[in-house]
Amino acid sequence: MDTAELQQTLNETVEHLVVHHGYTTYMRDYEVIIHVWNGPQNPPIYLRYLFRHCVEARCETSLPTDTWRVSLDDRVLDREPADPDLGGYVRGVKFHEMYGAELRPESEATRRWSKAVGIDSHAVHIETNAHDLTLLFSDLEVSEVPVGYGPFVAH
């Protein structure tokens, strides 16, 4: 997939919900599962963005330290904490809002991996309301997955 096609595919993720991300069970490819809702007349679908041959995956929080400080209580893991005045970031919603996915310019790391392995390498930055992901990968495949696929739970 060329870079223009990659970026166009990544642009389609904006304003949807990330319900899971992580390495696949065979630990080579990185998947991002996105919940796509197209209005009340259409049932939601789940798309799997499979970043193939992922040689690097960095995940960092995008939440401020003050938010972390008030979100340490395990009760924020529930969708509706028992104490409505608890505050903090409620992780129990089990999704992150997708703000964007941007293909990064060629870098020393992508050139090094391309040369060493013999396939094109790309870098992408994915921004959600709670995580920033940076992935180095070779190709992207997008497919629909059924409700109940993998470790996520339908909403």
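Taken together, the values in this text are just the output of simple stated rules run on the coordinates, not laboratory data. From a predicted model like this one, the values you see are computed outputs, not experimental measurements. Positions of Cβ are generated from backbone atoms using ideal geometry, with glycine treated the same way; all protein chains shown enter the neighbour counts.
Please give the direction-averaged projected area of the C-alpha convex hull for the chain, in square nanometres with one decimal.
Numbers: hull surface 42.8 nm².
Averaging across all directions leaves 10.7 nm² for the Cα convex hull.
Give the dimensionless ratio obtained when the Cα radius of gyration of the range 93-137 is divided by 2.2 N^0.38 Å.
That works out to 1.40 for the range 93-137.
Arranged from highest to lowest average of other beta-carbon atoms within 10 Å per residue, in what order do the peptides 25-34, 105-114 appear?
25-34, 105-114
Could you work out the helix-only [θ] at 222 nm for the chain, with each DSSP H run of four or more residues adding -39,500 (n - 2.57) and the total divided by the number of residues, to the nearest 500 deg cm²/dmol? Could you put the intermediate results ahead of the total?
Details: 3 runs with 24 residues, N = 155.
My calculation for the chain gives -4000 deg cm²/dmol from helical runs alone.
Considering only Ile126, Ser62, Thr110, whose Cα is most displaced toward the positive end of the charge dipole of the chain, charges sitting on Cβ of Lys, Arg (+1) and Asp, Glu (-1)?
Comparing the listed Cα positions along the dipole, Thr110 ranks first.
What residues from the range 87-113 fall in the zone where the backbone N is under 19 Å from a label point 7 Å along the Cα-to-C-beta line of Glu15?
Residues 96-102 fall inside that zone.
Give me the dipole magnitude in Debye, nearest 20, for the chain about the Cα centre, with unit charges on the beta carbon: positive for Lys and Arg, negative for Asp and Glu.
Working: 13 positive and 25 negative charges, 82 e Å.
Dipole of the chain, to the nearest 20 debye: 400 debye.
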